[in-house]
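Chemist: Quick one: structure below, then a few questions.
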Amino acid sequence: MSIYSGSDRYMWVFCITYYLAETCLIRLKIVVNKNNNKKRKQEGKDYGFY
């Protein structure tokens, strides 16, 4: 016999999946922001703005 009922298992799976997805989205947002900042800096150099 398990210490967790069926609904408890589903809740744990949901929570773990949710937090993993949230972490991935946050990391993706950080990477996209870094790439956008690099592009802006390069565009500024092309036009003589710093």
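The values are calculated or read from the model by the stated rules, or taken from the named source; none is laboratory data. Note that the coordinates shown come from a computational prediction; the quantities given were computed from them, not determined experimentally.
Chemist: Given the conditions (1) in a helix (DSSP H, G or I); (2) modelled with pLDDT under 70, which single one is not true for M1?
Modeler: (1)
Table: residues versus (1) under 26 Å from the mean Cα position of the chain (by Cα); (2) modelled with pLDDT of 95 or more.
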{"position": "M11", "(1), (2)": "yes, no"}
{"position": "F14", "(1), (2)": "yes, no"}
{"position": "A21", "(1), (2)": "yes, yes"}
{"position": "K29", "(1), (2)": "yes, no"}
{"position": "V32", "(1), (2)": "yes, no"}
{"position": "R40", "(1), (2)": "yes, no"}
{"position": "E43", "(1), (2)": "no, no"}
